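In what follows, a single structure is set out as structure tokens and then discussed.
The values are calculated or read from the model by the stated rules, or taken from the named source; none is laboratory data. The structure presented is a predicted model; accordingly, all values stated were derived computationally and were not measured. Reconstructed Cβ throughout: ideal geometry from the backbone, glycine too, with neighbour counts over all protein chains shown.
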Amino acid sequence: MDHVNVPHAVRPSADQVVAVTDAVCRAHLDMEYADLCRAVVGKLGRKRPSPLTRGDPRIWAAGVVYAVGQLNFVFDPSQSPHATADQLSEWLGVKKTTMANKARLIRDTLKLSHFDGQFMRLNSNGLITPPYAQRRVMRSAGVSVLVGAGSAVERCA
């Protein structure tokens, strides 16, 4: 298993969390979700002091998957892949409230939001496309911009 980029002292805890997130994402979501979860675990692992060294790795993994899922609208049935909170709870073996509380802690700690594209899935054009955004793409000077909901998210083409 590839290690996430975290300090040596945090690596065992981070690896335990990643083992769970990878297994759940491979079995029920997709590899893009697994990669995004790894990125969140890496960011948590680089916090000083890292919260990953305290608590049950299963609960951290559940919180990470739930937080990444929230940012990417995994609970929206029109999205693919899609899952319910009950399904995530069952797959991860963690109570729904515990998972949601840990996800909130992760979102607050890392200041995650729907307007930050760092942990959002890309579409086939390499654009971050949140479902709430109006699907109007403007291309100019090699930059693709998705405009909608009062914001623009861009990635260089």
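Given the structure, is Arg121 within 26 Å of Val20 (Cβ to Cβ), at pLDDT below 90 and among the basic types (Lys, Arg)? Yes: the conditions hold for Arg121. When Ala67, Ala103, Ala62, Ala85 are screened for being under 21 Å from Met120 (Cα atoms) and without any contact (Cβ under 8 Å) to a residue 40 or more places away in the chain, only Ala85 passes. Taking the listed residues Thr84, Thr109, the one that is farther than 19 Å from Ala23 by Cα, among the β-branched types (Val, Ile, Thr) and at pLDDT below 95 is Thr109, with no other qualifying.
Please go through segment 14-32 and pick out each residue that is loosely packed, with under 14 Cβ neighbours inside 10 Å and in contact (Cβ under 8 Å) with a residue 60 or more places away in the chain. Ala27 - this is the single residue of segment 14-32 that is loosely packed, with under 14 Cβ neighbours inside 10 Å and in contact (Cβ under 8 Å) with a residue 60 or more places away in the chain. Selection within segment 52-61: residues that are part of a helix (DSSP H, G or I) and out of contact with any Ser or Thr (no Cβ under 7 Å at 6 or more places or on another chain). The member of this set that is nearest to Gly93 (Cα to Cα) is Arg58.
The set of residues in segment 27-51 being more than 24 Å from His82 (Cα to Cα), charged (D, E, K, R) and in a helix (DSSP H, G or I) consists of Lys43 alone. Within segment 88-96, not a single residue is modelled with pLDDT under 90 and surrounded by fewer than 17 Cβ atoms within 10 Å (Cβ to Cβ).
Being buried (at least 18 other Cβ atoms within 10 Å of the Cβ), touching a residue at least 12 places away in the same chain (Cβ under 8 Å) and within 15 Å of the chain's Cα centre (by Cα), is that true of even one residue in segment 4-13? Within segment 4-13, one or more residues are buried (at least 18 other Cβ atoms within 10 Å of the Cβ), touching a residue at least 12 places away in the same chain (Cβ under 8 Å) and within 15 Å of the chain's Cα centre (by Cα).
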